[in-house]
Structures are given as structure tokens and as C-alpha cells.
Amino acid sequence: MSAKGPFRLGLTGSIGMGKTTTAAFFREFGVPVHDADAAVHALYGAEGVAPVEAAFPGVTVDGRIDRALLGARVLGDDAAMHRLEAIVHPLVRAREAAFLSEAAQAGARLAVLDIPLLFETGARERTDAVLVVTAPEAVQRARVMARPDMTEEKFASILKRQMPDAEKRRRADYLLDTGPGLDHARAEVAALIARLSEGDHLA
């Protein structure tokens, strides 16, 4: 662990690539993980309610931001999405900073920052290295279209906001292909943790 805290491994990947499963494997091996999506979900019931409702009146239900109502207001509308991100991203970063502080106090040598739009939002500068999770395009599409309430239009809108997989792979420090299945991905995660340790990154 460095003086600034644990080694910060950014974890990212386009929708349907297996990022959530990969994050679960890190947790399985005892590595603390900060999930940016989970942080957003949490703040939609806490500190994010007032500013989001002020920007998008009518999206609060029973004291929480209703993600479906909010999504209907921002998906496909770049200006609305930018307004939302300007509110949410600083709140997520504050939660991330608190997570890293807690990880440091607990003596963690490695911490994972699970950030879906890591490159797109400039979060790379807050990490020491980035692991990009990828999979063949056909596998990605099959996974995404199997999700409840997913449509071709929604899938296209999400992809439009995300950096192409090829560019993410080019920028990655480490790559994990989840196409071969769960056992392969779990083994790759274990190998990466060992590799970071053996390379003295976690000294």
C-alpha cells in the first residue's frame, strides 16, 4: 500500500461485457470494490434526491428518485444527460473518496473502482491502472438483449454514450475476456491479483 492508500484498479467495460460478474470475483478474493452504479442507486434515496428533483421535476416517488421516470427524461437527450451527470458525478466521487479512505484505514493494499464510464468521464486520472472487461460482440448483444425491458433502441442509446470496445481495449492496462465463461474469468481475476502483488505494485 502506498502512502496515498491502496492501489486503485479501475474496472470498466461496455454494457454486457461481464463487468459486474468480474467485480464479484474481486470481492470473492477479499478485494474491496466501489461500485459507481450502486453509489448512484444509493444517492437516489439520499443526498441526490433534492438536486435531481430540482433539475427534473416529477421524478421522485416516495422520497426516492424513480430511475424509470428519470431514464425516460434523459435517455436520448444529450443535454438532459449532461445536466444529470453534472449533479451525480460529484456526489459519486465523494462516496468513492470515502470508500478509499475506509479501505486505507482497513489496511487494504488493493481496491477496485468499478466505473462503467471510466474513460468517458475522465475517471482514469483517479486510478493507478485500468482493467477493461471485454467479450465478442455477439456474446455482448445476446447478454444485453436477454435483459428485462431491453430494446434495440435502448441498447443503441446506451452504446452511443459508451466509448467503443476497441478503443477501451487500446487504452487498457489489463484486459479480461469474459467470453470463455465464468471459470475462466475467475481464474483471470486471481491471476491479475497475483500479478499485481508479484510486481510489487501493492508493496
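Only helices reaching 15 angstrom along their own axis (Cα) with mean Kyte-Doolittle hydropathy no lower than 0.0 count here, and for the DSSP H runs of the chain these are 78-105, 182-198. Per residue, region 44-97 exposes 52 Å² of solvent-accessible protein surface, assessed with a 1.4 angstrom probe and all protein chains in place. Counting only protein heavy atoms, what percent of the accessible surface of region 1-117 is carbon or sulfur at a 1.4 Å probe? That share works out to 57 percent. Using only Cα atoms, locate the centre of region 99-136 and the centre of region 160-195, then give the distance between them in Å, rounded to an integer. So the two Cα centres are separated by 13 Å.
Just the Kirkwood number for the chain, please: inverse of mean 1/r across all distinct Cα pairs, in Å, one decimal.
18.0
Calculate for the chain the 222 nm mean residue ellipticity that helices alone would give, adding -39,500 (n - 2.57) per DSSP H run of length 4 or more and normalising by residue count, nearest 500 deg cm²/dmol.
Calculated from helices alone, the mean residue ellipticity at 222 nm is -15500 deg cm²/dmol.
The values are calculated or read from the model by the stated rules, or taken from the named source; none is laboratory data. This structure is a prediction, so every number in the text was calculated from the model and none was measured. Note: areas computed on protein heavy atoms with side chains; ligands, DNA, RNA excluded. Shrake-Rupley method; radii C 1.70, N 1.55, O 1.52, S 1.80 Å.
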